[in-house]
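The values are calculated or read from the model by the stated rules, or taken from the named source; none is laboratory data. Predicted, not measured: the structure shown is a model, and the values here were computed from it. Cβ placement follows ideal geometry from the backbone for every residue including glycine, while neighbour counts extend to all protein chains displayed.
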Amino acid sequence: MAKDSQNLMEKIVGFAKRRGFIFPGSEIYGGLANTWDYGPLGVELKNNIKQLWWKRFVQERDDMVGLDTAIIMNPKVWEASGHLKGFSDPLVECRECHQRFKADEIKGFAAWVKSVKTKAALAPDKIPACPNCNTIGSLMKPKMFNLMFKTFLGPSEDSSSTVYLRPETAQGMFVNFKNVLDTTRKTLPFGIAQIGKAFRNEITPGNFIFRTREFEQMEIEYFIPEPDPENEASWRKYFDMWQMEMMSWIRDIGIRPEKIVEHDVPEGERAHYSKKTIDFLYEFPFGQDELYGLAYRTDFDLKNQEKASGVNLKYKSANKEEAPYWPPTIEPSLGVDRTVLALLLEAYAEEKDPSTKLGASRVVLKLKPQLAPYKAAVFPLLANKPELVALAKNVYNDLRKDFMVAWDDRGNIGKRYYSQDEIGTPYCITVDFESLEKKDITVRDRDTMKQERIKISDLLPYLREKICA
Ligand code: ATP
């Protein structure tokens, strides 16, 4: 990673901890590698992302319903979905330092394995070195490593009680397909959406919250009418619609589209069930990597869950001529934690404050107001004037019924502004002596730093309009 990029990542990790967005997991015990806890501000940001996603893709659409399914499912689900057999990464160990790596992340590894298999000679400088200890020729043959976490259901720890933590939320939607059809009378095309935790025993977690073993997904399984096998356009139009929806979401939450590459994943690199996949790659400081994925899963999942369970998961359309079928699925899959990381990177800025003569600099988190942990902060000008504090508390208590609002009565106003800028609070409200008389307050805008006087009675509609815009 280039020095500047590394600095930016270190800055974001330090900032996230200092201001209560994200803490290292189990920190008082020295931590637990690559686990992270969301702090008071992080949980607000994450909740705002999830609420916005739910509102946009479930609440405001006629063709969508939501679910919240169990993390631990019958293990037969994972047999049918292909995860027990195929959800594996090739793991390589170094004979010297005993570090383990994902084979496809080691430069030149595939060519070396091929040369060993075919007994073809490979130039000595092409033999891959261990990325940790640099020893050449110390890497062992790759072994397939299943990424699902195993545990036991109930008190006995034998194979009959083995269960798995779900590696994706998707299967919860497939196994409930019939329940949803029976209870909602949805007709194709329609989608099922779910937000929830997923678990993968990643070989190489890292880059802060980018790759962790426990993470959250926002997924949609969008079921479409049976496509015409002769006409790709019959499923492509739905796929294209979701590709556009995902780009609009990315833009609307405040990620610059120029930082995104839509990568058409070639055959051979796609998941076993996918006929087409687009990865939305974001330019992270450590390189371009997957933010979100969009996959055409065909009818693979419903077909296999029906075969394994014996329960009919076919869709019967109103058209009596049409035979029942497994509707194919388009899957927009979004990681919540990668969204948080991309948003922190996009929003974090250090800039000179043009409003001060000394040219002081400030850190400002330019999050969209809808996503900001606090929508406003309320300050009494002076903490030792009870009448100011009382009026400010009234304003604060009124606003809190509608928004997350911060209270700060310490230090000078300039410092309080900077402190709120740093955590992304879009509006700061100061109650001063004039407020007592005129029943108005000062609202200061985070981005423009401009201030205006607003009547206290107009404050709520004023903020509502600005925040929901
Ligand atoms: P990668 O190639 O980075 O391992 P993937 O292609 O396996 O990701 P998907 O199975 O498509 O990921 O999962 C959907 C989304 O879930 C990803 O686009 C990402 O946002 C998120 N995600 C997947 N794995 C992780 C992880 N280990 N940590 C955090 N988020 C993840």
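General remarks:
- Scanning region 257-278 for residues that are under 21 Å from GLN171 (Cβ atoms) and among the charged types (D, E, K, R) returns ARG270, LYS275, LYS276.
- From the list ALA377, ALA342, ALA349, the one residue that fits, being outside any loop (DSSP other than H, G, I, E, B), buried (at least 20 other Cβ atoms within 10 Å of the Cβ) and either away from the ligand (no atom under 16 Å from the Cβ) or among the charged types (D, E, K, R) (or both), is ALA377.
- Conditions (1) exposed (fewer than 14 other Cβ atoms within 10 Å of the Cβ); (2) under 28 Å from LYS197 (Cβ atoms); (3) touching a strand residue (DSSP E or B) at 6+ places or on another chain (Cβ under 7 Å); number of the one not met by ASP264: (2)
- Residue count for region 172-199, restricted to those that are more than 13 Å from the ligand (Cβ to nearest atom) and outside any helix (DSSP H, G or I): 10
- Enumeration of residues in region 409-438 that are surrounded by 18 or more Cβ atoms within 10 Å (Cβ to Cβ) and within 20 Å of ARG453 (Cβ to Cβ): ARG416, TYR417, GLN420, THR425, PRO426, TYR427, CYS428, ILE429, THR430, VAL431, ASP432, SER435
- Total residues in region 428-443, condition hydroxyl-bearing (Ser, Thr, Tyr) and either free of Cβ contacts under 8 Å to residues at least 12 places away in the same chain or outside any helix (DSSP H, G or I) (or both): 2
- Residue within region 271-286 that is at positive phi and either within 12 Å of the ligand (Cβ to nearest atom) or in contact with a Lys or Arg (Cβ under 8 Å, 6 or more places away or on another chain) (or both) present: no
- Pairs are defined by a Cβ separation below 9 Å, a sequence spacing of at least 6 or placement on different chains, a first member in region 94-109 that is polar (S, T, N, Q), and a second member that is outside any loop (DSSP other than H, G, I, E, B); the pairs so defined are GLN99/GLU93.
- Selection from region 436-458 of residues that are touching a strand residue (DSSP E or B) at 6+ places or on another chain (Cβ under 7 Å) and of a type in the set (A, V, I, L, M): ILE441, VAL443, ILE454, ILE456
- Residue satisfying all of: in region 222-241; of a type in the set (A, V, I, L, M, F, W, C) and part of a helix (DSSP H, G or I); nearest to the ligand (Cβ to nearest atom) among these: PHE239
- Evaluating ARG362 against the criteria (1) assigned to a strand (DSSP E or B); (2) away from the ligand (no atom under 16 Å from the Cβ); (3) surrounded by 18 or more Cβ atoms within 10 Å (Cβ to Cβ); (4) at pLDDT 95 or above leaves one unmet condition, (4).
- Residues of region 371-390 that are over 16 Å from ASP445 (Cβ atoms) and touching a residue at least 60 places away in the same chain (Cβ under 8 Å): LEU371, PRO373.
- Among (1) over 28 Å from ALA70 (Cα atoms); (2) in a loop (DSSP other than H, G, I, E, B); (3) in contact (Cβ under 8 Å) with a residue 60 or more places away in the chain, the one test that TYR282 misses: (2)
- Complete set of residues in region 444-461 that are touching a Lys or Arg at 6+ places or on another chain (Cβ under 9 Å), free of Cβ contacts under 8 Å to residues at least 60 places away in the same chain and not charged (D, E, K, R): GLN451, SER457
- Note on region 267-277: residues that are of a type outside the set (Lys, Arg) and either more than 23 Å from LEU84 (Cα to Cα) or in contact with a strand residue (DSSP E or B) (Cβ under 7 Å, 6 or more places away or on another chain) (or both) total 4.
- Some residue of region 161-171 being in a loop (DSSP other than H, G, I, E, B), surrounded by fewer than 20 Cβ atoms within 10 Å (Cβ to Cβ) and more than 16 Å from the ligand (Cβ to nearest atom): no
- Pairs with Cβ under 6 Å, 6+ apart, first in region 289-303 and more than 15 Å from TRP235 (Cβ to Cβ), second assigned to a helix (DSSP H, G or I) and near the ligand (Cβ under 7 Å from one of its atoms): LEU291/ARG338
- Criterion (within 13 Å of the ligand (Cβ to nearest atom) and part of a loop (DSSP other than H, G, I, E, B)) met by exactly one of GLU219, GLU202: GLU202
The rows are residues; the columns are (1) outside any strand (DSSP E or B); (2) aliphatic (A, V, I, L, M).
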site: ARG297; (1), (2): no, no
site: ASN304; (1), (2): yes, no
site: VAL311; (1), (2): yes, yes
site: ASN319; (1), (2): yes, no
site: LEU334; (1), (2): no, yes
site: GLN370; (1), (2): yes, no
site: PRO373; (1), (2): yes, no
site: LEU382; (1), (2): yes, yes
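- Hits in region 40-53 (condition: surrounded by fewer than 18 Cβ atoms within 10 Å (Cβ to Cβ) and touching a strand residue (DSSP E or B) at 6+ places or on another chain (Cβ under 7 Å)): LYS50
- Residue among THR204, THR183, THR151, THR169 that alone is over 26 Å from THR339 (Cα atoms) and in contact (Cβ under 8 Å) with a residue 40 or more places away in the chain: THR151
- When region 173-202 is filtered for residues that are closer than 24 Å to THR35 by Cβ, in contact with a strand residue (DSSP E or B) (Cβ under 6 Å, 6 or more places away or on another chain) and surrounded by 18 or more Cβ atoms within 10 Å (Cβ to Cβ), the ones remaining, listed by number, are GLN194, ILE195, ALA198, PHE199.
- Filtered residues of region 323-332 (kept if away from the ligand (no atom under 16 Å from the Cβ) and either part of a helix (DSSP H, G or I) or touching a Lys or Arg at 6+ places or on another chain (Cβ under 8 Å) (or both)): PRO324, TYR325, TRP326, PRO328
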